[in-house]
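Worksheet for the structure shown next.
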Amino acid sequence: MSEAGQASRGSDKILAAKPRDSSTLIIVDTSSGEQRILMGKRRMDQVFMPGKYVFPGGRVDAADRDVEVVDELHESDVAKLLIDMRETPSAARARAIALAAIRETFEETGLLVGAKGTPQRPVEAESWQAFYAQGCMPKLSQLRFFARAITPPGRPRRYDSRFFYADVSAVAVRTDVNDGELSSLDWFTFEEMRALDLPAITRVVLEDLIDRLKLDAEGLAAGASAAVPFYRHKNGASRRQLLSL
């Protein structure tokens, strides 16, 4: 095959790349009297969004489907995660997506969202062994699902990302664990974040988070009934859809 043909085939593969399930967890700290969010900078040698400031998160692993927890996601969040879920929708898959957000946050920042507890079964997955070694189990009820976005076609990697947030009070343990994926980890106000080098979708999701935090401040019922913005490209155009029950 000619070099031009190989390049064309490689380009076609990128365009046709199937989005992979991933999730992000935004930790919100109001202890100083002003809302601050934990963010980190991606290494410059990374293929996906090098040098950008992002929230902790990553793709879902197979091991995330078989994890013992202290409690489960809110029913309304499970229902919203199932709306327009690609391929085969299931509550187990929705649960794994949320658990990936907790695991990735622990691996990248050392912050463990959970509560004291011991699993009843041996932990076989290496990705979870370090988590359970802290004497805690994941606490899914602390997470709230508030946004979703699929990476546009033509990118080297594509993700179907679900965005969750949790209050810093959900952090049961702070450790020195850090896989090196994020540097310059720090807490930023919303105004400070707007001045950072952020991916375009992150800027949009930040505004969604501000709106959702205001709703949740009114009470659990208000947040539970809130629609979840869903961003994706369809027929060559960017679309914003609201996922609601």
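Annotations for the structure displayed:
- Working note: Cα gyration tensor of the chain, eigenvalues times five, square-rooted, sorted largest first, giving semi-axes of 28, 22, 20 Å.
- Residue-wise HN-Hα couplings along the stretch 32-38, as the Karplus relation 6.51 cos²θ - 1.76 cosθ + 1.60 with θ = phi - 60° gives them from phi, are 8, x, 10, 5, 10, 10, 7 Hz; Gly and Pro carry x.
- Simple point charges give the picture: +1 on the Cβ of Lys and Arg, -1 on the Cβ of Asp and Glu, and for the stretch 19-243 a dipole about the Cα centre of about 860 debye.
- Considered as an equivalent ellipsoid built on the Cα gyration tensor, the stretch 108-176 has semi-axes of 27, 16, 11 Å, the largest given first.
- For the chain, the 222 nm mean residue ellipticity estimated from helices alone, with every DSSP H stretch of n ≥ 4 adding -39500 (n - 2.57) and the total spread over all residues, rounds to -9500 deg cm²/dmol.
- Equivalent ellipsoid semi-axes, the stretch 115-245, via Cα gyration tensor eigenvalues times 5, rooted, Å: 29, 20, 18
- Applying the criteria of a DSSP loop state and at most 10 other Cβ atoms within 10 Å to the GluC sites (Glu not before Pro) of the stretch 89-185 yields GLU124.
- Rounded to 5, percent antiparallel among DSSP beta bridges of the chain: 75 percent
- Among complete DSSP H helices in the chain, those whose alpha-carbon atoms stretch at least 15 Å along the helix's long axis and whose mean Kyte-Doolittle hydropathy reaches 0.0 are 91-109, 200-217.
- Lys pairs under 28 Å by Cα in the chain, provided they are eight or more residues apart or on distinct chains: 16
- Taking N as its residue count, the alpha carbon Rg of the stretch 92-139 over 2.2 N^0.38 Å: 1.07
None of the figures in this text is laboratory data; all of them are computed from the coordinates on show. What you are looking at is a predicted structure, and each value in this text was computed from that prediction instead of being measured. Cβ coordinates were reconstructed from backbone atoms using ideal geometry, including for glycine residues, and neighbour counts include every protein chain displayed.
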